[in-house]
1. What's the number of the only condition in (1) farther than 16 Å from Ala149 by Cα; (2) polar (S, T, N, Q); (3) in a loop (DSSP other than H, G, I, E, B); (4) within 16 Å of the chain's Cα centre (by Cα) that Thr7 fails to meet?
2. Is it true that some residue in region 167-174 is of a type in the set (S, T, N, Q) and in a helix (DSSP H, G or I)?
3. Mind telling me which of the residues Glu134, Glu182 ends up being surrounded by 12 or more Cβ atoms within 10 Å (Cβ to Cβ) and among the charged types (D, E, K, R)?
4. Looking only at residues in region 132-181 that are away from ligand 2 (no atom under 11 Å from the Cβ) and in contact with a helix residue (DSSP H, G or I) (Cβ under 8 Å, 6 or more places away or on another chain), which one is nearest to Phe70 (Cα to Cα)?
5. Can you find, within region 67-104, the residue that is nearest to ligand 2 (Cβ to nearest atom) among those that are among the hydroxyl-bearing types (Ser, Thr, Tyr) and surrounded by 14 or more Cβ atoms within 10 Å (Cβ to Cβ)?
6. Give the residue that is farthest from ligand 1 (Cβ to nearest atom), with candidates limited to residues of region 93-106 that are in contact with a strand residue (DSSP E or B) (Cβ under 8 Å, 6 or more places away or on another chain) and part of a loop (DSSP other than H, G, I, E, B).
Amino acid sequence: MLIPHDTRIALETVVDLVNTAPESDAGDGLADIATLYGFAERHRISGVGALGEKDLRAVHDVRSRFAEIFAAPDARTAADLVNGLVAAAGTTPQLTNHDGYDWHVHYFAPDASIADHLAADCGMALAFIVVAGEQERLRRCEAPDCRDAFVDLSRNRSRRYCSSRTCGNRLHVAAYRARRREAAG
Ligand SMILES: [Zn+2]
Ligand SMILES: [Zn+2]
């Protein structure tokens, strides 16, 4: 599956956003306006202007919609959710080649709020995945104490963990220890 550069970046933004949600007792990764500014900067979401409580609430709302799309049981459900999200954001497709990138399309409207910016551009990135027939690549980590969202971009859709370095490795070590205990027992 060939994924354009900007779509890949938008997907990383979706994953990071979904994973700021307070799943367990970890707390909300977007608890206040300062962390929202940090998020915007980290993902180079330009032109968002001054952010306030309203933006924070709106981004939390978009975040839950993205989580629903990750949880969608089939492409039809995912498509309906993406359509609703993108329609509400009021998109204005614009070809651009800013900052030395090749031509690509921005979907957010000029002067869009940060929530609408995320809904439009990340929503369209998720639309791209659905169009490619790859909705099942939107996954959650199989480590029981993690469950973080990720997009499986592996060739054979075989990825099970958010990160092979952390969760994958941790579970492999646990399985190895369990086997050794069994062998010794
Ligand atoms: Zn761009
Ligand atoms: Zn994980």
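1. Of everything listed in (1) farther than 16 Å from Ala149 by Cα; (2) polar (S, T, N, Q); (3) in a loop (DSSP other than H, G, I, E, B); (4) within 16 Å of the chain's Cα centre (by Cα), Thr7 misses just condition (3).
2. Within region 167-174, the subset of a type in the set (S, T, N, Q) is 169.
Filter again for in a helix (DSSP H, G or I), leaving 169.
The answer is yes, given that some residue of region 167-174 is of a type in the set (S, T, N, Q) and in a helix (DSSP H, G or I).
3. Glu134
4. Of the residues in region 132-181, the ones away from ligand 2 (no atom under 11 Å from the Cβ) are 132-138, 151-158, 172-181.
Next, only the ones that are in contact with a helix residue (DSSP H, G or I) (Cβ under 8 Å, 6 or more places away or on another chain) stay: 133, 135, 137-138, 151-153, 157.
Details: Gly133: 14, Gln135: 8, Arg137: 9, Leu138: 5, Val151: 9, Asp152: 12, Leu153: 15, Arg157: 15 Å.
Result: Leu138.
5. Kept after step one, since they are among the hydroxyl-bearing types (Ser, Thr, Tyr), are these residues of region 67-104: 77, 91-92, 96, 101.
Next cut, surrounded by 14 or more Cβ atoms within 10 Å (Cβ to Cβ) only: 77, 91.
Numbers: Thr77: 24, Thr91: 32 Å.
It comes out as Thr77.
6. Of region 93-106, the ones in contact with a strand residue (DSSP E or B) (Cβ under 8 Å, 6 or more places away or on another chain) are 93-97, 103-106.
If we keep only those that are part of a loop (DSSP other than H, G, I, E, B) too, we end up with 93, 97, 103.
Numbers: Pro93: 12, Asn97: 8, Trp103: 10 Å.
Only one residue tops the list, namely Pro93.
Okay, residues lined up against (1) at pLDDT below 95; (2) under 27 Å from Glu136 (Cβ atoms); (3) within 16 Å of ligand 2 (Cβ to nearest atom):
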site: Met1; (1), (2), (3): yes, yes, no
site: Pro4; (1), (2), (3): yes, yes, no
site: Arg8; (1), (2), (3): yes, yes, no
site: Thr13; (1), (2), (3): no, yes, no
site: Ala21; (1), (2), (3): yes, yes, yes
site: Ser24; (1), (2), (3): yes, yes, yes
site: Gly27; (1), (2), (3): yes, no, no
site: Ile33; (1), (2), (3): no, no, no
site: Gly38; (1), (2), (3): no, no, no
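Conditions tested, residue by residue: (1) in contact (Cβ under 8 Å) with a residue 60 or more places away in the chain; (2) of a type in the set (A, V, I, L, M, F, W, C); (3) not in a helix (DSSP H, G or I).
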residue: Asp16; (1), (2), (3): no, no, no
residue: Thr20; (1), (2), (3): no, no, yes
residue: Gly29; (1), (2), (3): no, no, yes
residue: Thr35; (1), (2), (3): no, no, no
residue: Phe39; (1), (2), (3): no, yes, no
residue: Arg44; (1), (2), (3): no, no, yes
residue: Ala50; (1), (2), (3): no, yes, yes
residue: Arg57; (1), (2), (3): no, no, no
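The values are calculated or read from the model by the stated rules, or taken from the named source; none is laboratory data. In this text, all values refer to a predicted model and were calculated from it rather than measured experimentally. FYI the Cβ positions are ideal-geometry reconstructions off the backbone, even for glycines, and counts take in every protein chain you see.
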